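Here the structure is laid out as structure tokens; the discussion comes afterwards.
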């Protein structure tokens with residue numbers, strides 16, 4: 001039976017969870033993701049976990065930040081005072097967070113608090129261990 005190796009093109013379903021079990025992203029109920037292992041277009045830990053798997057096989061792995069969304073970079077956070085951010089919107093009564101362009105290389109978060117606004121260019125799961133459930137649907141080439 002063929003197995004996934006470097007250069008293989010595979011279709012997979014996956015679910016990404018935080019360590020507390022919160023589901024962050026999933027292809028379940030939709031189309032599987034098409035991945036060519038080694039192209040670096042998905043998390044390194046996902047590519048590594050796929051190697052050696054066969055069609056129909058499932059696996060659950062925990063990825064450290066370095067193999068998932070990377071470590072948080074404090075220099076990627078810009079802080080603005082509430083006064084300088086006032087034109088952005090009305091009053092803020094609680095912390096608000098919005099992730100923009102999620103899942104792309106242009107992803108960033110805007111976090112608004114009573115003190116001001118933080119523009120965070122780190123991926124929203126940077127610095128976190130994540131749990132991946134991986135299901136190999138098919139191997140297109142090996």
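The values are calculated or read from the model by the stated rules, or taken from the named source; none is laboratory data. Just so we're clear, the structure is a prediction, and the values are computed from it rather than from any experiment. As a convention, Cβ positions derive from the backbone with ideal geometry for all residues, glycine included, and neighbour counts pool all protein chains shown.
Matching residues to (1) at pLDDT 75 or above; (2) outside the structural domain of residue 52 (by TED's automatic domain parsing); (3) touching a helix residue (DSSP H, G or I) at 6+ places or on another chain (Cβ under 8 Å); (4) buried (at least 16 other Cβ atoms within 10 Å of the Cβ):
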position	(1), (2), (3), (4)
95	no, yes, no, no
100	no, yes, no, no
103	no, yes, no, no
106	no, yes, no, no
109	yes, yes, no, yes
112	yes, yes, yes, yes
115	yes, yes, yes, no
131	yes, no, no, yes
135	yes, no, no, yes
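Mind telling me which of the residues 21, 40 ends up being surrounded by fewer than 12 Cβ atoms within 10 Å (Cβ to Cβ) and over 16 Å from residue 133 (Cβ atoms)?
Working: 21 fails: over 16 Å from residue 133 (Cβ atoms).
Answer to the selection: 40.
Among 81, 54, 75, 58, which is more than 17 Å from the chain's Cα centre (by Cα), within 21 Å of residue 130 (Cα to Cα), exposed (fewer than 13 other Cβ atoms within 10 Å of the Cβ) and at pLDDT 65 or above?
Numbers: 81 fails: within 21 Å of residue 130 (Cα to Cα); 54 fails: within 21 Å of residue 130 (Cα to Cα); 75 fails: within 21 Å of residue 130 (Cα to Cα).
Checking each option against the conditions leaves just 58.
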